[in-house]
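Engineer: This structure is in C-alpha coordinates; I'll ask about it shortly.
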Amino acid sequence: MTGNPDVLRVAIVGCGGIARSHGRAYAADPRVELVAVHDVSPAAAQAFADEVGATAINSLADLAALDVQLVSVCTPPGTHTDTTVELLGLGVCVLLEKPPTVNLADMDRIAQAEAVAPGSVFVVFQHRHGSGAKRAHRLLADGSLGVPQVAVCETLWYRPDSYFDPEWRGNWVGEGGGPTLGHGIHQIDLLLHLLGEWSTVDAVAARVARPVEFEDVSTASVTFTSGAVASVTTSLLSPRETSRIRIDTTGGTLEVEHLYGYADADWSWYPLPDARTAAANGQDPGAGRRNADHDGSLQDVWTASAGEDVPSNHAAQIHDLVGDLLAGRPHPTTLASTRPTMEFVTALYASSLEGGTVARADLTPDRPFYRSLDGGLSAQRVSARLTRA
Ligand SMILES: NC(=O)c1ccc[n+]([C@@H]2O[C@H](COP(=O)([O-])OP(=O)(O)OC[C@H]3O[C@@H](n4cnc5c(N)ncnc54)[C@H](O)[C@@H]3O)[C@@H](O)[C@H]2O)c1
(Lines give C-alpha, C1' and ligand atoms only; values in the text may rest on other atoms or scores of the structure.)
Protein backbone atom coordinates (compact mmCIF):
# COMPACT_ATOMS: atom_id res chain seq x y z
CA MET A 1 0.00 0.00 0.00
CA THR A 2 1.24 3.46 -0.80
CA GLY A 3 -0.65 5.64 1.64
CA ASN A 4 0.69 8.53 -0.48
CA PRO A 5 -2.20 10.85 -1.39
CA ASP A 6 -0.17 12.30 -4.28
CA VAL A 7 0.14 8.95 -6.06
CA LEU A 8 -2.67 7.09 -7.84
CA ARG A 9 -2.41 3.30 -7.88
CA VAL A 10 -3.73 1.87 -11.16
CA ALA A 11 -4.18 -1.43 -12.98
CA ILE A 12 -4.97 -2.43 -16.57
CA VAL A 13 -7.34 -5.24 -17.58
CA GLY A 14 -6.95 -6.57 -21.13
CA CYS A 15 -3.35 -6.60 -22.36
CA GLY A 16 -3.70 -6.21 -26.14
CA GLY A 17 -3.16 -3.35 -28.55
CA ILE A 18 -4.75 -0.35 -26.83
CA ALA A 19 -3.49 -1.38 -23.38
CA ARG A 20 -0.08 -0.20 -24.65
CA SER A 21 -1.44 3.34 -25.05
CA HIS A 22 -2.75 3.25 -21.47
CA GLY A 23 0.54 1.77 -20.23
CA ARG A 24 2.61 4.48 -21.93
CA ALA A 25 0.37 7.27 -20.62
CA TYR A 26 0.54 5.95 -17.03
CA ALA A 27 4.31 5.38 -17.25
CA ALA A 28 4.83 8.98 -18.39
CA ASP A 29 2.88 10.38 -15.42
CA PRO A 30 4.94 10.67 -12.22
CA ARG A 31 1.71 10.85 -10.18
CA VAL A 32 0.85 7.25 -11.13
CA GLU A 33 2.03 3.83 -9.99
CA LEU A 34 1.00 1.07 -12.41
CA VAL A 35 0.64 -1.82 -9.98
CA ALA A 36 -0.99 -4.73 -11.81
CA VAL A 37 -2.22 -6.05 -15.15
CA HIS A 38 -4.66 -8.84 -15.98
CA ASP A 39 -5.75 -10.72 -19.10
CA VAL A 40 -7.73 -13.91 -19.74
CA SER A 41 -4.54 -15.04 -21.44
CA PRO A 42 -1.91 -15.44 -18.68
CA ALA A 43 0.84 -15.28 -21.33
CA ALA A 44 -0.47 -11.94 -22.63
CA ALA A 45 -0.69 -10.61 -19.07
CA GLN A 46 2.86 -11.71 -18.22
CA ALA A 47 4.34 -10.26 -21.42
CA PHE A 48 2.66 -6.91 -20.75
CA ALA A 49 3.59 -7.01 -17.05
CA ASP A 50 7.23 -7.43 -18.07
CA GLU A 51 6.97 -4.49 -20.47
CA VAL A 52 5.49 -2.07 -17.95
CA GLY A 53 7.10 -3.36 -14.75
CA ALA A 54 3.86 -4.39 -13.05
CA THR A 55 2.54 -7.63 -11.51
CA ALA A 56 0.43 -9.99 -13.62
CA ILE A 57 -2.59 -11.05 -11.55
CA ASN A 58 -4.79 -14.08 -12.20
CA SER A 59 -8.19 -12.60 -11.40
CA LEU A 60 -9.86 -9.25 -10.82
CA ALA A 61 -10.48 -10.23 -7.20
CA ASP A 62 -6.69 -10.10 -6.64
CA LEU A 63 -6.94 -6.30 -7.04
CA ALA A 64 -8.65 -6.01 -3.66
CA ALA A 65 -5.40 -6.67 -1.80
CA LEU A 66 -3.42 -4.17 -3.89
CA ASP A 67 -5.13 -0.93 -2.87
CA VAL A 68 -5.74 0.03 -6.50
CA GLN A 69 -7.82 3.16 -7.10
CA LEU A 70 -8.28 3.19 -10.89
CA VAL A 71 -8.50 0.34 -13.43
CA SER A 72 -8.34 0.74 -17.22
CA VAL A 73 -10.61 -1.71 -19.03
CA CYS A 74 -9.00 -2.50 -22.39
CA THR A 75 -10.87 -5.70 -23.27
CA PRO A 76 -13.08 -6.29 -26.34
CA PRO A 77 -16.39 -4.35 -26.31
CA GLY A 78 -18.63 -7.34 -25.55
CA THR A 79 -16.80 -7.95 -22.23
CA HIS A 80 -16.92 -4.34 -20.97
CA THR A 81 -20.13 -4.63 -18.95
CA ASP A 82 -19.38 -7.71 -16.84
CA THR A 83 -15.81 -6.56 -16.23
CA THR A 84 -16.83 -3.04 -15.22
CA VAL A 85 -19.64 -4.20 -12.92
CA GLU A 86 -17.21 -6.60 -11.19
CA LEU A 87 -14.63 -3.83 -10.78
CA LEU A 88 -17.20 -1.43 -9.33
CA GLY A 89 -18.00 -4.13 -6.79
CA LEU A 90 -14.35 -4.03 -5.72
CA GLY A 91 -14.67 -0.31 -4.92
CA VAL A 92 -12.38 1.05 -7.66
CA CYS A 93 -12.89 3.69 -10.36
CA VAL A 94 -12.90 2.45 -13.96
CA LEU A 95 -11.54 4.01 -17.13
CA LEU A 96 -13.51 2.12 -19.77
CA GLU A 97 -12.42 1.96 -23.40
CA LYS A 98 -14.82 2.97 -26.17
CA PRO A 99 -17.40 1.89 -27.10
CA PRO A 100 -18.46 1.83 -23.44
CA THR A 101 -20.92 -1.00 -24.13
CA VAL A 102 -22.54 -2.68 -27.13
CA ASN A 103 -26.09 -1.60 -26.26
CA LEU A 104 -28.05 0.75 -24.02
CA ALA A 105 -29.29 -2.06 -21.74
CA ASP A 106 -25.69 -2.84 -20.77
CA MET A 107 -24.94 0.83 -20.29
CA ASP A 108 -27.83 1.14 -17.87
CA ARG A 109 -26.68 -2.00 -16.05
CA ILE A 110 -23.30 -0.37 -15.43
CA ALA A 111 -25.00 2.89 -14.38
CA GLN A 112 -27.07 0.99 -11.80
CA ALA A 113 -23.96 -0.67 -10.38
CA GLU A 114 -22.16 2.70 -10.36
CA ALA A 115 -25.02 4.34 -8.45
CA VAL A 116 -24.41 2.10 -5.41
CA ALA A 117 -20.61 1.81 -5.67
CA PRO A 118 -17.96 4.06 -4.16
CA GLY A 119 -16.13 4.30 -7.50
CA SER A 120 -17.10 6.01 -10.76
CA VAL A 121 -16.88 5.02 -14.41
CA PHE A 122 -15.15 7.20 -17.01
CA VAL A 123 -14.99 6.47 -20.73
CA VAL A 124 -12.08 6.90 -23.12
CA PHE A 125 -13.06 9.53 -25.65
CA GLN A 126 -9.65 11.09 -26.05
CA HIS A 127 -10.76 13.58 -28.70
CA ARG A 128 -12.67 15.52 -26.05
CA HIS A 129 -9.37 16.08 -24.24
CA GLY A 130 -7.07 17.76 -26.78
CA SER A 131 -6.63 21.51 -26.40
CA GLY A 132 -8.51 22.18 -29.67
CA ALA A 133 -11.71 20.47 -28.52
CA LYS A 134 -11.52 22.11 -25.10
CA ARG A 135 -11.27 25.55 -26.73
CA ALA A 136 -14.05 24.72 -29.18
CA HIS A 137 -16.31 23.44 -26.40
CA ARG A 138 -15.73 26.51 -24.24
CA LEU A 139 -16.11 29.07 -27.05
CA LEU A 140 -19.23 27.43 -28.47
CA ALA A 141 -20.81 27.15 -25.01
CA ASP A 142 -20.25 30.82 -24.17
CA GLY A 143 -21.38 31.99 -27.61
CA SER A 144 -18.02 33.47 -28.67
CA LEU A 145 -18.03 31.49 -31.93
CA GLY A 146 -21.67 32.23 -32.73
CA VAL A 147 -24.62 29.86 -32.85
CA PRO A 148 -24.10 26.48 -34.61
CA GLN A 149 -26.41 26.01 -37.58
CA VAL A 150 -25.00 23.30 -39.90
CA ALA A 151 -22.41 20.59 -39.29
CA VAL A 152 -20.66 17.81 -41.16
CA CYS A 153 -19.04 14.87 -39.35
CA GLU A 154 -16.99 12.37 -41.31
CA THR A 155 -15.01 9.27 -40.46
CA LEU A 156 -13.75 8.17 -43.85
CA TRP A 157 -11.36 5.32 -43.20
CA TYR A 158 -10.16 2.28 -45.15
CA ARG A 159 -10.09 -1.30 -43.96
CA PRO A 160 -9.45 -4.08 -46.51
CA ASP A 161 -11.28 -7.43 -46.42
CA SER A 162 -8.37 -8.98 -44.51
CA TYR A 163 -9.03 -6.63 -41.57
CA PHE A 164 -12.05 -8.80 -40.82
CA ASP A 165 -10.09 -12.08 -40.74
CA PRO A 166 -9.98 -12.42 -36.90
CA GLU A 167 -13.02 -14.44 -35.87
CA TRP A 168 -14.40 -11.75 -33.52
CA ARG A 169 -14.41 -9.13 -36.29
CA GLY A 170 -17.10 -8.52 -38.86
CA ASN A 171 -19.97 -10.03 -36.85
CA TRP A 172 -22.56 -8.74 -34.38
CA VAL A 173 -21.54 -11.18 -31.62
CA GLY A 174 -17.85 -10.27 -31.70
CA GLU A 175 -18.07 -6.50 -32.26
CA GLY A 176 -21.59 -5.62 -31.13
CA GLY A 177 -21.97 -3.32 -34.13
CA GLY A 178 -20.27 -2.16 -37.29
CA PRO A 179 -17.92 0.76 -37.94
CA THR A 180 -20.52 3.27 -36.75
CA LEU A 181 -20.09 1.78 -33.26
CA GLY A 182 -16.42 0.83 -33.52
CA HIS A 183 -14.85 3.60 -35.60
CA GLY A 184 -17.18 6.54 -36.30
CA ILE A 185 -18.05 6.78 -32.61
CA HIS A 186 -14.98 8.94 -31.92
CA GLN A 187 -16.07 11.71 -34.31
CA ILE A 188 -19.75 11.26 -33.42
CA ASP A 189 -18.97 11.69 -29.73
CA LEU A 190 -16.97 14.85 -30.40
CA LEU A 191 -19.70 16.31 -32.62
CA LEU A 192 -22.36 15.69 -29.95
CA HIS A 193 -20.05 16.97 -27.22
CA LEU A 194 -19.69 20.24 -29.16
CA LEU A 195 -23.25 20.69 -30.42
CA GLY A 196 -25.32 19.49 -27.46
CA GLU A 197 -28.56 17.55 -27.36
CA TRP A 198 -29.64 15.80 -30.55
CA SER A 199 -33.30 15.05 -31.23
CA THR A 200 -33.80 12.93 -34.38
CA VAL A 201 -31.83 10.67 -36.71
CA ASP A 202 -32.64 9.52 -40.26
CA ALA A 203 -30.07 7.01 -41.44
CA VAL A 204 -28.93 4.65 -44.15
CA ALA A 205 -26.49 1.88 -43.22
CA ALA A 206 -25.26 -0.16 -46.15
CA ARG A 207 -23.04 -3.14 -46.80
CA VAL A 208 -21.38 -2.23 -50.07
CA ALA A 209 -18.26 -4.34 -50.29
CA ARG A 210 -16.84 -5.90 -47.11
CA PRO A 211 -17.50 -9.51 -45.95
CA VAL A 212 -19.27 -8.44 -42.74
CA GLU A 213 -22.65 -9.01 -41.06
CA PHE A 214 -23.24 -5.29 -40.51
CA GLU A 215 -22.63 -2.11 -42.49
CA ASP A 216 -19.37 -0.94 -44.04
CA VAL A 217 -20.74 2.58 -44.55
CA SER A 218 -23.45 4.64 -42.87
CA THR A 219 -24.85 8.11 -43.38
CA ALA A 220 -27.25 9.96 -41.11
CA SER A 221 -29.12 13.25 -41.03
CA VAL A 222 -29.37 14.55 -37.49
CA THR A 223 -31.38 17.35 -35.92
CA PHE A 224 -30.50 19.04 -32.64
CA THR A 225 -32.81 20.60 -30.06
CA SER A 226 -31.06 23.92 -30.83
CA GLY A 227 -32.42 23.75 -34.38
CA ALA A 228 -29.02 22.92 -35.92
CA VAL A 229 -28.74 20.08 -38.43
CA ALA A 230 -25.80 17.79 -39.27
CA SER A 231 -24.83 15.01 -41.61
CA VAL A 232 -22.72 12.15 -40.25
CA THR A 233 -20.89 9.65 -42.46
CA THR A 234 -18.81 6.67 -41.37
CA SER A 235 -17.04 4.55 -43.98
CA LEU A 236 -14.42 1.83 -44.09
CA LEU A 237 -14.23 2.07 -47.91
CA SER A 238 -12.41 5.40 -48.28
CA PRO A 239 -8.82 5.17 -49.60
CA ARG A 240 -7.83 8.77 -48.73
CA GLU A 241 -8.60 8.48 -45.07
CA THR A 242 -9.70 11.42 -42.99
CA SER A 243 -11.62 12.34 -39.86
CA ARG A 244 -13.38 15.70 -40.06
CA ILE A 245 -15.85 17.83 -38.18
CA ARG A 246 -17.01 21.11 -39.64
CA ILE A 247 -19.42 23.40 -37.80
CA ASP A 248 -20.89 26.45 -39.53
CA THR A 249 -22.13 28.99 -37.01
CA THR A 250 -23.62 32.46 -37.24
CA GLY A 251 -20.05 33.71 -36.68
CA GLY A 252 -17.94 31.56 -38.97
CA THR A 253 -16.76 28.04 -39.77
CA LEU A 254 -14.95 25.90 -37.21
CA GLU A 255 -13.25 22.84 -38.62
CA VAL A 256 -10.94 20.05 -37.50
CA GLU A 257 -9.43 17.56 -39.91
CA HIS A 258 -7.12 14.80 -38.78
CA LEU A 259 -6.92 11.00 -38.85
CA TYR A 260 -6.53 9.28 -35.48
CA GLY A 261 -5.74 12.33 -33.38
CA TYR A 262 -5.48 16.08 -33.84
CA ALA A 263 -3.11 18.85 -32.72
CA ASP A 264 -4.02 22.55 -32.60
CA ALA A 265 -2.73 23.02 -36.16
CA ASP A 266 -5.48 20.67 -37.40
CA TRP A 267 -8.17 23.13 -36.29
CA SER A 268 -9.19 26.23 -38.20
CA TRP A 269 -11.66 29.07 -37.75
CA TYR A 270 -12.94 31.13 -40.66
CA PRO A 271 -14.63 34.14 -39.13
CA LEU A 272 -17.44 35.67 -41.10
CA PRO A 273 -16.22 39.15 -42.06
CA ASP A 274 -18.65 41.85 -41.10
CA ALA A 275 -20.43 43.21 -44.12
CA ARG A 276 -18.95 46.69 -43.98
CA THR A 277 -15.32 45.50 -43.79
CA ALA A 278 -15.95 43.02 -46.55
CA ALA A 279 -17.53 45.65 -48.79
CA ALA A 280 -14.60 48.04 -48.17
CA ASN A 281 -12.23 45.28 -49.24
CA GLY A 282 -14.30 44.51 -52.30
CA GLN A 283 -15.16 41.09 -50.84
CA ASP A 284 -18.34 39.13 -50.82
CA PRO A 285 -19.57 39.35 -47.17
CA GLY A 286 -19.89 35.58 -47.11
CA ALA A 287 -16.23 34.97 -48.01
CA GLY A 288 -14.44 34.10 -44.76
CA ARG A 289 -10.70 34.25 -44.30
CA ARG A 290 -8.72 31.63 -42.44
CA ASN A 291 -7.97 32.93 -38.93
CA ALA A 292 -8.24 36.44 -40.33
CA ASP A 293 -7.88 39.68 -38.42
CA HIS A 294 -10.80 41.88 -39.29
CA ASP A 295 -8.77 45.08 -39.24
CA GLY A 296 -5.31 43.66 -39.77
CA SER A 297 -4.27 44.03 -36.14
CA LEU A 298 -6.85 42.34 -33.90
CA GLN A 299 -6.80 38.59 -33.49
CA ASP A 300 -10.03 36.69 -33.98
CA VAL A 301 -11.51 34.99 -30.93
CA TRP A 302 -10.24 31.52 -31.92
CA THR A 303 -6.62 32.57 -32.46
CA ALA A 304 -6.71 34.67 -29.31
CA SER A 305 -7.76 31.66 -27.21
CA ALA A 306 -4.73 29.54 -28.16
CA GLY A 307 -2.72 28.15 -25.26
CA GLU A 308 -0.64 25.01 -24.76
CA ASP A 309 -1.01 22.64 -27.74
CA VAL A 310 -2.24 19.30 -26.33
CA PRO A 311 -2.85 16.60 -28.97
CA SER A 312 -5.95 14.39 -28.59
CA ASN A 313 -4.53 11.09 -27.43
CA HIS A 314 -4.74 8.73 -24.46
CA ALA A 315 -2.04 10.69 -22.63
CA ALA A 316 -4.22 13.83 -22.78
CA GLN A 317 -7.28 12.19 -21.23
CA ILE A 318 -5.33 10.13 -18.70
CA HIS A 319 -3.41 13.24 -17.61
CA ASP A 320 -6.73 15.03 -17.01
CA LEU A 321 -8.29 12.04 -15.23
CA VAL A 322 -5.35 11.42 -12.88
CA GLY A 323 -5.27 15.10 -11.94
CA ASP A 324 -9.01 15.16 -11.29
CA LEU A 325 -8.99 11.99 -9.18
CA LEU A 326 -6.01 13.09 -7.07
CA ALA A 327 -7.55 16.52 -6.51
CA GLY A 328 -10.99 15.07 -5.73
CA ARG A 329 -12.47 17.05 -8.67
CA PRO A 330 -15.19 15.70 -10.95
CA HIS A 331 -13.86 14.35 -14.26
CA PRO A 332 -16.16 15.38 -17.12
CA THR A 333 -16.02 12.30 -19.36
CA THR A 334 -18.31 10.19 -17.20
CA LEU A 335 -20.31 7.17 -18.32
CA ALA A 336 -23.47 9.30 -18.17
CA SER A 337 -21.90 11.96 -20.42
CA THR A 338 -21.42 9.35 -23.15
CA ARG A 339 -25.01 8.04 -23.15
CA PRO A 340 -26.16 10.50 -25.85
CA THR A 341 -23.44 9.08 -28.11
CA MET A 342 -24.62 5.50 -27.53
CA GLU A 343 -28.21 6.65 -28.02
CA PHE A 344 -27.21 8.22 -31.35
CA VAL A 345 -25.53 5.02 -32.53
CA THR A 346 -28.59 3.02 -31.45
CA ALA A 347 -30.92 5.40 -33.30
CA LEU A 348 -28.78 5.16 -36.43
CA TYR A 349 -29.12 1.37 -36.50
CA ALA A 350 -32.84 1.51 -35.65
CA SER A 351 -33.52 4.05 -38.40
CA SER A 352 -31.52 2.22 -41.05
CA LEU A 353 -32.73 -1.30 -40.22
CA GLU A 354 -36.39 -0.43 -39.52
CA GLY A 355 -36.75 2.64 -41.72
CA GLY A 356 -38.00 6.08 -40.77
CA THR A 357 -37.00 8.78 -38.34
CA VAL A 358 -35.92 7.79 -34.83
CA ALA A 359 -36.22 10.31 -32.00
CA ARG A 360 -34.15 10.16 -28.85
CA ALA A 361 -37.33 9.74 -26.85
CA ASP A 362 -38.12 6.57 -28.83
CA LEU A 363 -35.17 4.61 -27.40
CA THR A 364 -37.09 3.07 -24.53
CA PRO A 365 -36.22 -0.29 -22.88
CA ASP A 366 -39.16 -2.00 -24.61
CA ARG A 367 -37.58 -1.43 -28.06
CA PRO A 368 -35.47 -4.33 -29.31
CA PHE A 369 -32.67 -1.95 -30.36
CA TYR A 370 -32.23 -1.05 -26.67
CA ARG A 371 -30.87 -4.60 -26.15
CA SER A 372 -28.90 -5.15 -29.38
CA LEU A 373 -27.90 -2.93 -32.26
CA ASP A 374 -29.25 -5.40 -34.83
CA GLY A 375 -32.66 -4.98 -33.19
CA GLY A 376 -32.96 -8.75 -32.75
CA LEU A 377 -33.82 -9.00 -36.45
CA SER A 378 -33.03 -12.13 -38.43
CA ALA A 379 -29.74 -12.19 -40.37
CA GLN A 380 -31.77 -12.37 -43.56
CA ARG A 381 -33.80 -9.27 -42.68
CA VAL A 382 -30.65 -7.32 -41.68
CA SER A 383 -28.95 -8.31 -44.93
CA ALA A 384 -31.95 -7.24 -46.96
CA ARG A 385 -31.95 -3.80 -45.30
CA LEU A 386 -28.18 -3.32 -45.62
CA THR A 387 -28.07 -4.26 -49.26
CA ARG A 388 -31.51 -2.86 -50.10
CA ALA A 389 -32.08 -6.24 -51.76
N1 LIG B 1 -9.65 4.78 -27.87
C2 LIG B 1 -9.12 4.31 -28.99
O3 LIG B 1 -8.61 5.06 -29.83
C4 LIG B 1 -9.11 2.84 -29.22
C5 LIG B 1 -8.31 2.28 -30.25
C6 LIG B 1 -8.32 0.89 -30.41
C7 LIG B 1 -9.12 0.08 -29.62
N8 LIG B 1 -9.92 0.67 -28.66
C9 LIG B 1 -10.81 -0.16 -27.82
O10 LIG B 1 -10.02 -0.87 -26.87
C11 LIG B 1 -10.63 -2.12 -26.57
C12 LIG B 1 -9.62 -3.25 -26.83
O13 LIG B 1 -9.20 -3.19 -28.16
P14 LIG B 1 -7.78 -3.79 -28.60
O15 LIG B 1 -7.59 -3.36 -30.00
O16 LIG B 1 -6.74 -3.48 -27.59
O17 LIG B 1 -8.13 -5.36 -28.58
P18 LIG B 1 -7.07 -6.57 -28.51
O19 LIG B 1 -7.80 -7.73 -29.09
O20 LIG B 1 -5.77 -6.17 -29.08
O21 LIG B 1 -6.84 -6.79 -26.93
C22 LIG B 1 -7.86 -7.23 -26.06
C23 LIG B 1 -7.23 -8.05 -24.92
O24 LIG B 1 -8.24 -8.31 -23.95
C25 LIG B 1 -8.10 -9.67 -23.52
N26 LIG B 1 -9.39 -10.12 -22.99
C27 LIG B 1 -10.49 -10.55 -23.70
N28 LIG B 1 -11.50 -10.77 -22.84
C29 LIG B 1 -11.05 -10.50 -21.60
C30 LIG B 1 -11.62 -10.52 -20.30
N31 LIG B 1 -12.91 -10.85 -20.12
N32 LIG B 1 -10.85 -10.19 -19.24
C33 LIG B 1 -9.56 -9.86 -19.41
N34 LIG B 1 -8.94 -9.80 -20.61
C35 LIG B 1 -9.68 -10.10 -21.69
C36 LIG B 1 -7.62 -10.44 -24.76
O37 LIG B 1 -6.99 -11.63 -24.40
C38 LIG B 1 -6.67 -9.39 -25.37
O39 LIG B 1 -5.34 -9.56 -24.88
C40 LIG B 1 -11.88 -2.20 -27.45
O41 LIG B 1 -13.00 -1.76 -26.70
C42 LIG B 1 -11.58 -1.21 -28.57
O43 LIG B 1 -12.75 -0.65 -29.17
C44 LIG B 1 -9.91 2.01 -28.45
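Engineer: Calculate how steeply helix 80-89 sits against the longest principal axis of the alpha-carbon atoms of the chain, using the helix alpha-carbon long axis, and give the answer as 0 to 90 degrees to the nearest 10.
Structural biologist: The angle comes out near 60 degrees.
Engineer: Relative to the longest principal axis of the chain, what angle (0 to 90°, nearest 10) does the C-alpha long axis of helix 339-354 take?
Structural biologist: Between the helix axis and the principal axis of the chain, the angle is about 80 degrees.
Engineer: Quick one: which residues, 5+ away or cross-chain, put their amide H under 5 Å from the amide H of LYS98? H built at 1.01 Å from N.
Structural biologist: VAL124
Engineer: Read phi for every residue in region 7-20 and hand back ³J(HN,Hα) as whole Hz from Karplus 6.51 cos²θ - 1.76 cosθ + 1.60, θ = phi - 60°, with x for Gly and Pro.
Structural biologist: Working through the residues one at a time gives 10, 9, 8, 10, 9, 10, 10, x, 10, x, x, 6, 4, 5 Hz.
Engineer: Hey, with R₀ at 51 Å, roughly what FRET efficiency would VAL147 and THR55 work out to, going by the Cβ-Cβ distance, to 0.05? Could you put the intermediate results ahead of the total?
Structural biologist: Details: r = 53 Å, r/R0 = 1.03.
It comes to 0.45.
Engineer: I would also like to ask the following. Need one number: nm distance between label points at ALA65 and ALA28, each 7 Å from Cα along Cα→Cβ, rounded to one decimal.
Structural biologist: A separation of 3.4 nm, rounded to one decimal place.
Engineer: While we're here: When Lys and Arg each count +1 and Asp and Glu each count -1, what net charge do the other residues less than 14 Å away from ASP50, Cβ to Cβ, add up to?
Structural biologist: Once positives and negatives cancel, what remains is -1.
Engineer: How big is region 131-304 by the Kirkwood estimate over distinct Cα pairs, in Å?
Structural biologist: Values: mean 1/r = 0.0567 Å⁻¹.
Evaluated on region 131-304, it is 17.6 Å.
Engineer: Would you kindly state how much longer the chain becomes between THR303 and SER378 on full extension, computed as 0.36 nm times their sequence separation minus their alpha carbon distance, in nm to one decimal?
Structural biologist: On the way: separation 75, 0.36 × 75 = 27.00 nm, distance 5.23 nm.
Length difference between fully extended and current span is 21.8 nm.
Engineer: If you don't mind, another one. Averaging the inverse of every distinct alpha carbon separation and then flipping it gives the Kirkwood radius. What is it for the chain, in angstrom units?
Structural biologist: Details: mean 1/r = 0.0451 Å⁻¹.
Taking every pair of different Cα atoms in the chain, averaging 1/r and inverting gives 22.2 Å.
Engineer: To continue, here is another question. With Cβ to Cβ distances under 10 Å as the rule, what net charge do the other residues near GLY176 carry (K, R +1; D, E -1)?
Structural biologist: Working: positive: none; negative: ASP106, GLU175, ASP374.
Residues close to GLY176 contribute a combined charge of -3.
Engineer: State the antiparallel share, in %, of DSSP beta bridges confined to the chain, rounding to the nearest 5.
Structural biologist: Values: 38 of 64 bridges.
Roughly 60 percent of the beta bridges in the chain run antiparallel, per DSSP.
Engineer: Collect residues whose amide H, placed 1.01 Å from N in the peptide plane, falls under 5 Å from the amide H of LEU272; neighbours closer than 5 in sequence don't count.
Structural biologist: Close amide H contacts, sequence-distant or interchain: GLY252, THR253.
Engineer: Once Lys and Arg get +1 and Asp and Glu get -1 on their Cβ, which of THR234, VAL217, TYR270 lies farthest toward the positive end of the dipole of region 131-304?
Structural biologist: Working it through, the farthest residue towards the positive pole turns out to be TYR270.
Engineer: OK, next. Net charge within 14 Å of CYS74 by Cβ-Cβ distance, Lys/Arg positive one each and Asp/Glu negative one each, not counting CYS74 itself? List each step's numbers first, then the result.
Structural biologist: Numbers: positive: ARG20, ARG24, LYS98; negative: ASP39, GLU51, GLU97.
Once all neighbours under 14 Å are counted, the net charge is 0.
Engineer: While we're on this one: On full extension of the chain, what length is gained from SER221 through THR357, given 0.36 nm per residue of separation minus the C-alpha to C-alpha distance?
Structural biologist: 48.0 nm
Engineer: Here's a follow-up. Helix 185-195 versus the longest principal axis of the chain: what angle, 0 to 90°, nearest 10, using Cα atoms?
Structural biologist: Helix 185-195 and the main axis of the chain meet at about 50 degrees.
Engineer: Extending each Cα 7 Å along its Cβ direction at ASP264 and ALA43, get the distance between those two points in nm, one decimal.
Structural biologist: About 4.7 nm separates the two model spin labels.
Engineer: I'd like to check one number: the per residue accessible area of the chain, probe 1.4 Å, reported in Å² as a whole number. The partial results should precede the final answer.
Structural biologist: Values: 16180 Å² over 389 residues.
Computed with neighbouring chains in place, this is 42 Å² per residue.
Engineer: Place a +1 charge on the Cβ of each Lys and Arg in region 329-389 and a -1 charge on the Cβ of each Asp and Glu, then give the dipole magnitude about the Cα centre in debye, rounded to the nearest 20.
Structural biologist: On the way: 8 positive and 5 negative charges, 25 e Å.
Around 120 debye, computed over region 329-389.
Engineer: Just to be sure I understand the model, the point goes 7 Å from the Cα along the line to the Cβ. What's the resulting TRP168 to ASN4 distance in nm?
Structural biologist: Once both label points are built, they end up 3.4 nm from each other.
Engineer: Also, I was wondering about something else. Taking the mean number of other Cβ atoms within 10 Å as a proxy for protection, how do you rank 90-97, 305-312 from highest to lowest?
Structural biologist: Numbers: 90-97: 22.0, 305-312: 15.0.
For the peptides 90-97, 305-312, the packing ranking is 90-97, 305-312.
Engineer: Considering only protein heavy atoms and a probe of 1.4 Å, how much of the accessible area of the chain is carbon and sulfur, as a whole percent? All intermediate terms of the calculation are to be shown ahead of the outcome.
Structural biologist: On the way: 8670 of 16180 Å².
Of the solvent-accessible surface of the chain, carbon and sulfur hold 54 percent.
Engineer: Each residue of region 356-372 in order: what ³J(HN,Hα) in whole Hz does its phi give by Karplus 6.51 cos²θ - 1.76 cosθ + 1.60, θ = phi - 60°, with x for Gly and Pro?
Structural biologist: x, 7, 10, 9, 4, 5, 6, 7, 8, x, 7, 7, x, 5, 4, 9, 7
The values are calculated or read from the model by the stated rules, or taken from the named source; none is laboratory data. Keep in mind that this is a model prediction, so the values were computed, not measured. Virtual Cβ from ideal backbone geometry, glycine too; neighbours counted across all protein chains shown. These accessible areas exclude ligands, DNA and RNA; they are computed on the full protein's heavy atoms, side chains included. Shrake-Rupley method; radii C 1.70, N 1.55, O 1.52, S 1.80 Å.
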